[in-house]
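The values are calculated or read from the model by the stated rules, or taken from the named source; none is laboratory data. Source: prediction; values computed, not measured. Ideal geometry is used to build each Cβ from the backbone, glycine not excepted, and the neighbour counts take in all protein chains shown. The area values use the complete protein model at the heavy-atom level, side chains included, leaving out ligands, DNA and RNA. Shrake-Rupley method; radii C 1.70, N 1.55, O 1.52, S 1.80 Å.
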Amino acid sequence: MGIRKNVAALTAAERTAFVAAVKKLKAKTTGRNYDWFVNTHMTYFGTVNGHNYAHWSSSFLPWHRKFLLEFEKGLQAFDSTVTLPYWNWVNEQSLTGPPFTDDFMGGNGRDGSGPVTTGPFAGEANWRINVSPSTAKSLYRAIGRSGSLPTAADVQTILDVGTYDVAPWTSASNDGMRNRLEGGLSPSPHGRVHVWVGGHMAQTDSPNDPLFFLHHCNIDRIWSRWQNRWGYGAARYQPGGGTANVVDVDEALAPFTATVADVVDHRGSYTYT
Ligand SMILES: [Cu+2]
């Protein structure tokens, strides 16, 4: 049972351990290494087998929950004490505070939109981009160039929507919690944070920036808070079944074999502080 903590509550030793495990996963040469996660996110960004597994569909939340769980498992193979921390961007908005410190995620790109120059992921020698639709070989950020960070009121708006999702179960869904959280409908915190960080975070290979996992951990936490209020059961997920080209509750979250129903209640494997 893992406890996922706020990035602002990590000790220096916990920050060091997390970065070390991430670097070991990156250096791994076989199996599900760091670049496997980048590649999988790129592949599943679009349509696979007629389904939008990862994005712009009901399965956005369970797919990323499974993706994060497998990533966390990958880190724990190197250090069993490590869990994914979450970046609560409602409160942590300063570039001089967590998670942007020199001993953790590092700061902005050079001149506000170039390669990251500080922290453990700055420069190709420390953190080489191997899998990407763009040619840059080091990590880029353009923090704050576009968009804005979500507010507490934005998150509350989402928590108050009791319906998980509505037809057509896409970015065009005009109601439901999922599309408001993901980005097809306002207030769109998931999409806004990707755009606000910019650089690799605004591309399909966004997991190249380790900040991706801290951001998505917070998205997962917000879904968990919603579930805590409205129910963790599989019945709270929509669509229930028989919906063509949408991942129904009993369908697998490819490339994983776990179904939506397998991941809706996460409390047996991790909780949030
Ligand atoms: Cu995302």
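Miscellaneous remarks
- Flag if residue 104 is assigned to a loop (DSSP other than H, G, I, E, B), surrounded by 20 or more Cβ atoms within 10 Å (Cβ to Cβ) and either of a type in the set (Ser, Thr, Tyr) or away from the ligand (no atom under 16 Å from the Cβ) (or both): yes
- Checking each residue in the stretch 65-79 for being closer than 16 Å to residue 39 by Cα and open to solvent by 10 Å² or more (accessible area, probe 1.4 Å) picks out 66, 70, 74.
- Residues (without any contact (Cβ under 8 Å) to a residue 40 or more places away in the chain and under 16 Å from residue 16 (Cα atoms)) located in the stretch 78-99: 80
- Scanning the stretch 206-228 for residues that are acidic (Asp, Glu) and more than 21 Å from residue 18 (Cα to Cα) yields a count of 0.
- In the stretch 215-236, the qualifying residues are those that are free of Cβ contacts under 8 Å to residues at least 24 places away in the same chain and either surrounded by 22 or more Cβ atoms within 10 Å (Cβ to Cβ) or in a helix (DSSP H, G or I) (or both), and the one that is nearest to the ligand (Cβ to nearest atom) is 228.
Residue-wise test of (1) within 16 Å of the ligand (Cβ to nearest atom); (2) in a loop (DSSP other than H, G, I, E, B).
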{"site": "26", "(1), (2)": "no, no"}
{"site": "39", "(1), (2)": "yes, no"}
{"site": "53", "(1), (2)": "yes, yes"}
{"site": "61", "(1), (2)": "yes, no"}
{"site": "67", "(1), (2)": "yes, no"}
{"site": "83", "(1), (2)": "no, yes"}
{"site": "89", "(1), (2)": "yes, yes"}
{"site": "94", "(1), (2)": "no, yes"}
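- Restricting 117, 135, 151 to residues that are open to solvent by 50 Å² or more (accessible area, probe 1.4 Å) and touching a Pro at 6+ places or on another chain (Cβ under 9 Å) narrows the list to 151.
- Considering the stretch 186-214, and only residues there that are surrounded by fewer than 24 Cβ atoms within 10 Å (Cβ to Cβ) and over 19 Å from residue 64 (Cα atoms), the residue that is farthest from the ligand (Cβ to nearest atom) turns out to be 186.
- Flag for residue 21 being of a type in the set (A, V, I, L, M, F, W, C), closer than 21 Å to residue 220 by Cβ, under 19 Å from the mean Cα position of the chain (by Cα) and surrounded by fewer than 17 Cβ atoms within 10 Å (Cβ to Cβ): no
- Selection status of residue 91, polar (S, T, N, Q), open to solvent by 10 Å² or more (accessible area, probe 1.4 Å) and at pLDDT below 95: no
- Residue satisfying all of: in the stretch 1-18; among the polar types (S, T, N, Q) and over 20 Å from the mean Cα position of the chain (by Cα); surrounded by the fewest Cβ atoms within 10 Å (Cβ to Cβ) among these: 11
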